[in-house]
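Notes to accompany the following structure.
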Amino acid sequence: MMSDTTYITADEAVKHIKPGNRVFIHGSAATPVHLVEALQKRHHELYNIELVSITTLGDVNFDRPEHRKSFYFNSLFVSAATRSVANSEDGDYVPIFLSQIPQLFRKNILPIDVALIQVSPPDDHGFCSLGTSVDIARAAVETAKHVIAQVNPLMPRTHGDGFIHVKKIDAMVWHVAALPELDYSFEVNDVTKKIGYNVASLVEDGATLQLGIGSIPDQVLKNLSTHKNLGIHSEMISDGIISLIENGVINNSQKKLNTRHTVTAFIAGTRKLYDFVNDNPAVRVMEISYVNDTSIIRQNPKVTAINSAIEIDLTGQVCADSIGTYQYSGIGGQMDFIHGASLSEGGKPIIALPSQTNKGISRIVPFLKEGAGVVTTRGHVHWIVTEYGMVDLFGKSLKQRAKALIEIAHPDHRQTLENAFYKRFEKRAKIGS
C-alpha cells in the first residue's frame with residue numbers, strides 16, 4: 001500500500017456534497033455503507049439530493065421521514081433497501097437495460113456530481129480496485145465531478161476493468177468493515193431442487209453460462225458436477241461457481257472471448273467467494289457495457305442464459321420486474337442475455353421459475369397483472385422451466401404456447417388456465433368462423 005496516501009473522516013469527505021447534487025452510490029457488496037451513513041447524518045442541512053444506484057446492500061435505508069425530506073432516490077434497479085422509497089413520491093425507477101446504464105452517465109443524460117464508492121487499498125503503483133462491483137461504477141467514476149472512496153482492506157482486489165488510480169479519487173476514507181454477504185442455501189426446497197435439475201438437463205458440455213443469484217441458480221450449479229468444459233460469462237457470479245472451477249468443470253476453455261477466464265460484472269456471495277476472487281487473474285470483473293453487450297455475448301458458444309420471472313402469461317410475455325404497478329426490481333440484464341443467448345451458436349435462453357408462489361398463486365397466468373412490466377417479450381422468449389417440466393416457445397403459435405405452458409403449470413391451476421385458453425382462443429375461433 002502506498003505510504004503517502006492521505007485519509008480523512010467520512011464526515012469531512014461528504015461535506016463536498018451540496019444541495020441539488022446528483023450522487024451515485026456504488027452497489028451490491030461494494031455499497032459504501034460508512035459513507036452513506038455520513039451522508040444521511042447531514043439530512044438536516046441538505047435538500048434536493050438525487051441518489052442513483054442499482055442494487056444496494058447493507059444498512060442504507062432511506063425510508064425514514066427525515067431522509068425523505070432531503071433525498072430523492074432515483075433507482076436504476078430496485079432492491080429491498082430502496083423498494084419502499086422507489087414506489088413512493090420520494091423516489092422513482094428508470095426502466096433501462098443494465099448494459100446501457102453507463103450511457104446515462106457518459107452521455108450526460110444523468111450526469112454525476114459526486115460518486116460514493118468502496119475500493120481496495122492502493123497498491124504500490126497507486127491503483128485501487130472497485131473490487132466486487134465494476135458494473136456501472138466504472139462509468140460513474142470516470143464521469144463524476146467528485147469521487148469519494150471508502151477504502152477497505154476487506155474489499156478484494158479484482159482483475160479486469162476495476163482499477164482506479166488514487167489521483168482520480170478526490171477524498172479517501174479508511175474504514176474496515178465486512179462486506180455484505182448473500183447466502184441462499186437456506187431457501188432450498190423440493191421445488192427449487194427440481195427446477196435446478198430440469199435446467200441443468202438443458203446445459204450441454206462446452207456451454208457458456210450466465211446465471212443470476214438465488215436458490216435456483218445455486219441448484220443448477222449443484223447439478224453440473226459431471227459436465228465438462230463449461231465457461232462463465234455472466235453479469236454476476238456467486239459461491240456456486242467455486243467448487244466447479246476448483247474441480248475443473250468450469251475451465252472456460254471453449255469460449256471464443258476471454259478464453260480460460262471467468263468473466264463477470266459484479267460479485268455477490270459469502271466471504272469465501274470474496275477471498276476466492278481476490279487477486280485471482282482467472283477472474284475478470286468487467287464493465288457492464290461490455291459484459292452485457294449482446295454482440296459480445298453471442299460470440300461465445302452455447303450461451304445458456306438462466307433467468308427468473310415473477311409471472312408469465314399464456315402467450316409467453318415475461319414479467320420479471322414488477323407486481324402489477326409495484327416496482328419490485330428492474331429490467332436488469334435479463335434481455336441482454338436472453339437475446340444474446342438466442343444469437344449464440346447452440347445458445348439456450350431460459351426463464352426458470354416455480355409454478356406458483358408461496359401463497360399458492362399461479363405464476364403462469366392468462367394475463368399479466370394490470371400495470372405489470374414486460375421484461376422479456378414474447379418475441380424473445382424461448383425456454384420456460386418449472387418444477388413440472390420444460391417447454392421451448394420459440395416458433396410456436398399463440399395457441400401452441402398456451403397449451404405448452406399449461407402443461408408445466410401447477411396441477412392445481414391447470415383447469416383454470418384451460419378455461420382461460422378456451423375463452424380466449426377456442427370461443428373466439430367459433431365466433432369468427
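The values are calculated or read from the model by the stated rules, or taken from the named source; none is laboratory data. These figures come from a predicted structure and were not determined experimentally. Heads up, the Cβs are rebuilt from the backbone with ideal geometry, glycines too, and the neighbour counts pull from every protein chain shown.
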Checked segment 140-155 for anything surrounded by fewer than 24 Cβ atoms within 10 Å (Cβ to Cβ) and touching a helix residue (DSSP H, G or I) at 6+ places or on another chain (Cβ under 6 Å); matches are Thr143, His146, Val147
Within segment 332-360, residues among the charged types (D, E, K, R) and more than 22 Å from the chain's Cα centre (by Cα) come out as Glu345, Lys359
Just one listed residue, out of Arg414, Arg363, Arg401, is basic (Lys, Arg), more than 25 Å from the chain's Cα centre (by Cα), in the same structural domain as Pro217 (by TED's automatic domain parsing) and closer than 30 Å to His233 by Cα, and it is Arg401
*So Phe24, is it aromatic (Phe, Trp, Tyr) and at pLDDT 95 or above*: yes
Of the conditions (1) part of a loop (DSSP other than H, G, I, E, B); (2) farther than 25 Å from Ile96 by Cβ, the single one that Ile331 does not satisfy is (2)
Taking segment 272-314 and the residues there that are touching a helix residue (DSSP H, G or I) at 6+ places or on another chain (Cβ under 8 Å) and assigned to a loop (DSSP other than H, G, I, E, B), the one that is surrounded by the fewest Cβ atoms within 10 Å (Cβ to Cβ) would be Ala282
With criteria (1) part of a loop (DSSP other than H, G, I, E, B); (2) within 18 Å of Ile96 (Cα to Cα); (3) not aromatic (Phe, Trp, Tyr), Asp336 comes up short on (1)
The condition from (1) within 14 Å of the chain's Cα centre (by Cα); (2) surrounded by fewer than 24 Cβ atoms within 10 Å (Cβ to Cβ); (3) of a type outside the set (D, E, K, R) that Ala265 misses is numbered (2)
When segment 369-391 is checked residue by residue, the ones that are closer than 16 Å to Ser355 by Cα, in contact with a helix residue (DSSP H, G or I) (Cβ under 8 Å, 6 or more places away or on another chain) and either outside the structural domain of Gln219 (by TED's automatic domain parsing) or assigned to a strand (DSSP E or B) (or both) are Ile384, Val385, Thr386, Gly389, Met390, Val391
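Among the residues of segment 232-247, write down those that are under 17 Å from Ile288 (Cα atoms) and either part of a helix (DSSP H, G or I) or β-branched (Val, Ile, Thr) (or both).
Scanning segment 232-247 gives Ile232, Ile237.
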By residue number, the members of segment 20-52 that are assigned to a loop (DSSP other than H, G, I, E, B) and more than 20 Å from Ile164 (Cα to Cα) are Gly20, Asn21, Arg42, His43, His44, Glu45, Leu46, Tyr47, Asn48
Among the residues of segment 53-66, is there at least one that is in contact with an Asp or Glu (Cβ under 9 Å, 6 or more places away or on another chain), surrounded by fewer than 17 Cβ atoms within 10 Å (Cβ to Cβ) and assigned to a loop (DSSP other than H, G, I, E, B)? yes
The one condition Gly332 fails out of (1) crowded, with 16+ Cβ neighbours inside 10 Å; (2) at negative phi; (3) not hydroxyl-bearing (Ser, Thr, Tyr) is (2)
Among the residues of segment 44-81, the number that are among the β-branched types (Val, Ile, Thr) and either within 15 Å of the chain's Cα centre (by Cα) or over 18 Å from Val33 (Cα atoms) (or both) is 4
